[in-house]
Number of protein chains: 2
Amino acid sequence: MIRIIQLGLGPLGQKVASYALQREGVKIVGAVDLDTEKVGKDVGQLCAGKSIGVEITKTLDEALERAKADVAVLTTVSSLEKVEPQIKELAEAQLPMVSTCEELSFPWITQPMIAKRIDKVCKSNGVACVGTGVNPGFLMDYLPSVLSSVCQNVQAVHVSRVQDASVRRIPFQQKIGVGLTEEGFKEKANNGTLRHVGLTESIHLIAHALNWELDRIEETLEPVRALEKITSGYIDIDKDNPRGVLQIGRGFIDGDEKITLHFRAAVGEEESYDEIEIEGTPSFSSRISGGINGDIATSAITVNAVAAILKAEPGLRTMLDIPVPACFSTI
Amino acid sequence: MIRIIQLGLGPLGQKVASYALQREGVKIVGAVDLDTEKVGKDVGQLCAGKSIGVEITKTLDEALERAKADVAVLTTVSSLEKVEPQIKELAEAQLPMVSTCEELSFPWITQPMIAKRIDKVCKSNGVACVGTGVNPGFLMDYLPSVLSSVCQNVQAVHVSRVQDASVRRIPFQQKIGVGLTEEGFKEKANNGTLRHVGLTESIHLIAHALNWELDRIEETLEPVRALEKITSGYIDIDKDNPRGVLQIGRGFIDGDEKITLHFRAAVGEEESYDEIEIEGTPSFSSRISGGINGDIATSAITVNAVAAILKAEPGLRTMLDIPVPACFSTI
């Protein structure tokens, strides 16, 4: 039985906690959130509508006074800078940890100073730490790296994640710019709220796996436009207005595009799918028709990684060097 | 630069060596084979038609007298019993090792005594050891385990590897029973020469990854029959005669079939493909159309695993607990 303390109970944190609560083999023994509305409530009640006798506390210390834990799940922020003090606190409490912080998935090149500090504090406290999720963490980086294992050489890696947003809830549709005008889209694109965080980290992880030194990485974001007036199921979209977003990450060596990550989510896509194409010896492509549901996958892989991180070596790890976080749920 | 000693220079061993010779980052510094026809020859000449100044020796000791090595590649036999003394010798020479021995990929349940002895001798000498290949080692066990990482629960795993043998060379066609009569097929099936080794090991590896305890495993082998008279490109096949082989491995819990591995290779298959279907939350299937070429993949993953095994913890490891053996070839 793995005892978990969870930090961060926003929408994703709640979903991860609800998954952990459904599982055999793991147990939530503590939960921490800054939100005074949540502090004092039962974490089971908040996340799964059923009390488990574990009260949400405002600080990690309070949680640790009440129960011993084996591992922490950190579902707070996307920013490495903001997550660093939380990691430090967990490491000093000797807790190995799994986090959904996107920037943590491969921070060695984007933010090397913070990465080194995190690695150091984890090593000196004998705990391992990893950033995971569906993306970054699996579909567009870990899985392509795994697939490259059967290659004698790799010339290029192209990944496409295409999602039809027609079937998704309204917050998701809003997140990808559905219903905005051209100007509204530009404004949100410029202030960063439309951006999926993690393409750059995924590119760095693939390059690291393949032993490639990239010259540069490029990220673009643009609207996917409606060819005629359509409805999202919730919102009407005028012709030429955004029906979703296309974000592309590219990694170059000597001017050649070696890594391409397409992330496209829009209302009215003909098909959802995840596809990985490897050019090399051999060349092949692997496709998941229908695609992988992001909410389910991120929550599941986070819980699965809890067992893997306990077997990993101390320090800031990546998905490439922890044991396979296979689904360890008892049937 | 990783210095390799290779043991076993049969057809697969030669292909693995030729792949290592093409790579940057690795170097063959020794080669061992019992065949007196090969001893004394240059391993580069034998495997890639180009001398590299490394003579094939009859024993490991002779190879080690001539050069220091970091790791061994063991491409000798499929049988765990026969490979055990070779592993012992390598471990006592402090060489971590990667082997294509099928039974080594997950011997903990089929041959636990030998597995424990191998684990012990590796640990006491501080070296790691792993069995890999395309299958067992990747397509039908490691990759399904990796895919389960995004699942909250898994109810069943079905894997199909289907290969059209029309495009393959005559030795491969003969290996899968093409051109045999019904009686000839039965005879070869009974003496084990048609059998692909490793389905049971693959089932055990998946079950281990998913934390499942199987009640029993079943393996069947039967001919795929020609519906009419056809030709393989080399051999005529009469109506109703074998045009290939279908081998099925099944793993059961409480009488339910939870793991199914279909391995089908026959002349006149409409399509080659590798497909993994996971039933669970979420359910999805992942497909590689055209399939992965087995000879290329086994040789490539063996060379790729050489870098991974150097970072693995000492002992008998599985693909689940070594770092991802991504293709580390420099472009």
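All of the numbers you see were taken from the coordinates with simple rules; none came from a lab. All values reported here derive from a predicted model rather than from experimental measurement. Note that each Cβ is placed from the backbone with ideal geometry, even for glycine, and that neighbours are counted across all protein chains shown.
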What are the distances, in nm and sorted shortest first, from the label point of B:Ser79 to the label points of the same position in each other copy, with each label point placed 7 Å from Cα along the Cα-to-Cβ direction? 6.5
In whole Hz, what ³J(HN,Hα) sequence does the stretch A:148-154 give by Karplus (6.51, -1.76, 1.60; θ = phi - 60°), x for Gly and Pro? 5, 4, 8, 9, 6, 8, 10
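Could you please report the charge total around A:Ser51, scoring K, R as +1 and D, E as -1 over all other residues with beta-carbon less than 13 angstrom from its beta-carbon?
It works out to a net charge of 0.
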Crossing angle, helix A:112-124 versus chain A [Cα axis fit, 0-90 degrees, rounded to tens]: 30
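Quote the FRET efficiency, to the nearest 0.05, computed for A:Arg117 versus A:Leu310 with a Förster distance R0 of 30 Å and r equal to the Cβ-Cβ distance.
Numbers: r = 23 Å, r/R0 = 0.76.
Calculated value: 0.85.
Per residue of A:206-216, count partner chain C-beta atoms within 10 Å of its C-beta, then hand back the mean as an integer. Don't skip to the answer; put the middle values down first.
Details: counts 1, 0, 1, 6, 6, 9, 4, 2, 0, 0, 0.
Mean shielding by partner chains, rounded to a whole number: 3.
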Could you list which residues have their amide H under 5 Å from that of A:Ile253, counting only those 5 or more apart in sequence or on another chain, with H placed in the peptide plane? A:Asp215, A:Lys258
Within a Cβ distance under 12 Å of B:Ser99, other residues only, what is the Lys/Arg minus Asp/Glu net charge? -1
Using the Karplus equation 6.51 cos²θ - 1.76 cosθ + 1.60 (θ = phi - 60°), what ³J(HN,Hα) coupling, rounded to whole Hz, does each residue of the stretch B:231-238 give in order, writing x for Gly and Pro? 10, 8, x, 10, 10, 7, 10, 6
Chain B - mean residue ellipticity at 222 nm from DSSP helices (-39,500 (n - 2.57) per run, n ≥ 4, rounded to 500): -9000 deg cm²/dmol
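Normalised by the number of residues in the stretch B:72-215, what is the relative contact order in percent for Cα pairs under 8 Å and 6+ residues apart? Mind dumping the intermediate values first?
Details: 153 pairs, mean separation 36.7, N = 144.
Rounded, it is 25 percent for the stretch B:72-215.
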Note the distances from B:Gly49 to each other copy's matching label point, with points 7 Å along the Cα-to-beta-carbon direction, in nm, sorted shortest first. 7.0
For A:Leu34, label point 7 Å along C-beta direction: distances to other copies, nm: 6.8
Label point 7 Å out from A:Ile109 along Cα-to-Cβ: which residues of the stretch B:294-331 have amide N under 17 Å? B:326-331
Each label sits 7 Å from Cα toward the beta-carbon; between A:Thr59 and B:Ile248 the label points are separated, in nm, by 6.2
Distant-in-sequence amide H partners of A:Ile28 (H built 1.01 Å from N, under 5 Å): A:Ile4
Taking placed amide H atoms and a strict 5 Å upper bound, the residues 5 or more places from B:Val71 or on another chain that come that close are B:Arg3, B:Ile5
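Please report the net charge: other residues with Cβ closer than 14 Å to the Cβ of B:Val157, K and R +1, D and E -1.
-4
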Note: B:Glu24 to B:Leu227 extended length (0.36 nm per residue) minus current alpha-carbon separation gives 68.2 nm
Averaged over B:151-161, number of beta-carbon atoms from partner chains that fall within 10 Å: 4
Could you check the simple spin-label distance between B:Met1 and B:Thr193, using points 7 Å along Cα→Cβ, in nm with one decimal? 4.4
Cα centroid of the stretch B:283-314 to Cα centroid of the stretch A:1-58, whole Å: 38
Short version: ³J(HN,Hα) in whole Hz for each residue of the stretch A:210-226, in order, from phi by Karplus 6.51 cos²θ - 1.76 cosθ + 1.60 (θ = phi - 60°), x for Gly and Pro, what are they? 8, 6, 9, 9, 7, 6, 7, 10, 10, 10, 10, 9, 9, x, 9, 9, 6
Pairs of Cα atoms under 8 Å, at least six residues apart: use those to get the relative contact order of the stretch A:220-298, whole percent. 20
For B:Glu270 paired with A:Glu219, estimate the spin-label separation in nm (one decimal), with each label point 7 Å from Cα along the Cα-to-Cβ line. 4.4
Does a label point 7 Å from the Cα of A:Asp256, set along Cα-to-beta-carbon, have any residues of the stretch A:144-164 with amide nitrogen under 14 Å, and which are they? A:153-158
